[in-house]
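S.K.: The structure under discussion is supplied below as structure tokens; questions concerning it will follow.
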Amino acid sequence: VEAGKPILCKAAVARKPGEPLVIEEIIVAPPSHHEVRVRIICTSLCQSDVTFWKLKDLPAVFPRILGHEAIGVVESVGEDVDEVVEGDVVIPVFLPDCGDCADCKSKKSNLCSKLPFQVSPWMPRDKTSRFTNLKGEVLYHFLNVSSFSEYTVVDTAHIVKIDPSIPPSKACLLSCGVSTGVGAAWRTANVEAGSTVVIFGLGSIGLAVAEGARISGATKIIGVDVNQEKFEIAKKFGVTDFVNVGECGDKPVSQVINEMTGGGADYCFECVGLVSLMEQAYACCRKGWGKTIILGVEKPESRVSLPCADVLQSGKTLTGALFGGLKAKSDIPILLKRYMDKELELDKYVTHEINFKDINKAFDLLLEGKSLRCVIWM
Ligand code: CXF
Ligand code: ZN
């Protein structure tokens, strides 16, 4: 490969909704202004990849290169790039951090206003693609990363340079899911020692919230799920108590939790993406200071409905967060240090490791509920 020249490499292309990805030869254009071309070391599968892979709604965004949780090496840089050089190890992140705008400069926001986050099929700055195939067909980008390819192009606002001594299969987890959960407990909620926390949904995000709450010193961490088997796994992540939604009888789950906690939890996290659970979560955070944080992805047009009496009188807070409220460039290195200091545990999320050619296996495992994180080696 040579800087400034197109690269021919392999990518796993999503051609039709819900159908297995196809490994194809593709052409990756050189990075443009403020962009870097990255050789992916490994990537992992996040639920959002599956969500967009299944999406049938128009306008259909296929063929597309999915994947957004990854780690790689800078192969070449475009013009006006001084943050990284060829050979630097980087983590791509779906959420931008330009460092320049009012939001990026404020510690109160992680929602860059220079390159506002949107689920777009293009590069964020010039709204074009860097991917074509040998027939000249354009392949769409995904979440500003598209890591299911040996090489990808990412805007510098979406990369974080990291210490190269960190094991890649652990570091890549901080690119999306684990950071989102841990960050939600740490940055969005700011869970204090002694807190009571409730987590709705014990998938990777919920377990990462538990991890963040445990590190923050929460004493009671209640996991809520429909699958009893999740409790055993969740204990390793700090969950101390379990509520099986199927075993609440006639009681709404919020009532069960209000009874267990003597009036509600300090922090409730919704990690499924269901309006009904968002409402239940709000109903069982404590009056006066309870905070409910939504991380689950519902249909964008869905509406949450809250009793006005509670909104006015209860003093509760309801909020959501992208990427757990983390600022990618400054917070990922902190989380990596906490991993190196053996405070943050990442190894236990990696339930499977496979070769890139078997990428469809990662989809099967996640769909069957058999994996937390399946690391895919390029
Ligand atoms: C999600 C967050 C909500 C929008 C789509 C992407 N993040 C990563 O998986
Ligand atoms: Zn993700």
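The values are calculated or read from the model by the stated rules, or taken from the named source; none is laboratory data. Not measured: the values here are computed from a predicted model. Ideal geometry is used to build each Cβ from the backbone, glycine not excepted, and the neighbour counts take in all protein chains shown. Only protein heavy atoms, including side chains, enter the accessible area calculation; ligands, DNA and RNA are left aside. Shrake-Rupley method; radii C 1.70, N 1.55, O 1.52, S 1.80 Å.
S.K.: Of all residues being of a type outside the set (Val, Ile, Thr) and farther than 29 Å from GLU24 by Cβ in the range 133-173, which is surrounded by the most Cβ atoms within 10 Å (Cβ to Cβ)? Just the residue, please.
M.R.: LYS170
S.K.: Applying the selection to the range 62-90, what residues are out of contact with any Phe, Trp or Tyr (no Cβ under 9 Å at 6 or more places or on another chain) and of a type in the set (Val, Ile, Thr)?
M.R.: Once the filter is applied, which keeps residues that are out of contact with any Phe, Trp or Tyr (no Cβ under 9 Å at 6 or more places or on another chain) and of a type in the set (Val, Ile, Thr), the range 62-90 yields ILE71, VAL73, VAL74, VAL77, VAL81, VAL84, VAL85, VAL89, VAL90.
S.K.: Answer yes or no: is there a residue in the range 310-323 that is surrounded by fewer than 13 Cβ atoms within 10 Å (Cβ to Cβ) and among the aliphatic types (A, V, I, L, M).
M.R.: Taking every residue of the range 310-323 in turn, at least one turns out to be surrounded by fewer than 13 Cβ atoms within 10 Å (Cβ to Cβ) and among the aliphatic types (A, V, I, L, M).
S.K.: Further question on the same structure: Quick one: which residue in ALA185, ALA189, ALA157 is more than 24 Å from GLY217 (Cα to Cα), touching a Gly at 6+ places or on another chain (Cβ under 9 Å) and away from ligand 2 (no atom under 16 Å from the Cβ)?
M.R.: Criteria check complete, one pass: ALA157.
S.K.: Then there's this: It is to be established whether one or more residues within the range 248-259 are closer than 22 Å to PHE323 by Cβ, open to solvent by less than 30 Å² (accessible area, probe 1.4 Å) and in contact with a Cys (Cβ under 8 Å, 6 or more places away or on another chain).
M.R.: No - not one qualifying residue is present in the range 248-259.
S.K.: Another one. Suppose the filter is surrounded by fewer than 17 Cβ atoms within 10 Å (Cβ to Cβ) and within 21 Å of GLN118 (Cβ to Cβ); does SER276 pass it?
M.R.: no
S.K.: Of these, ALA12, ALA3, which one is assigned to a strand (DSSP E or B) and small (Gly, Ala, Ser)?
M.R.: Just one listed residue meets the conditions, ALA12.
S.K.: Output the number of residues of the range 229-287 satisfying the condition of being touching a residue at least 60 places away in the same chain (Cβ under 8 Å), within 25 Å of LYS299 (Cα to Cα) and in a helix (DSSP H, G or I).
M.R.: Adding up the residues that qualify gives 3.
S.K.: Based on this model, can you work out whether ASP82 counts as more than 25 Å from VAL178 (Cα to Cα) and either within 16 Å of ligand 2 (Cβ to nearest atom) or of a type outside the set (Gly, Ala, Ser) (or both)?
M.R.: Yes, satisfied.
S.K.: For the range 117-152, which residues satisfy the criterion of being part of a strand (DSSP E or B) and either out of contact with any Leu (no Cβ under 8 Å at 6 or more places or on another chain) or of a type in the set (Ser, Thr, Tyr) (or both)?
M.R.: Listed by number, the residues that qualify are THR132, VAL138, LEU139, TYR140, SER149, TYR151, THR152.
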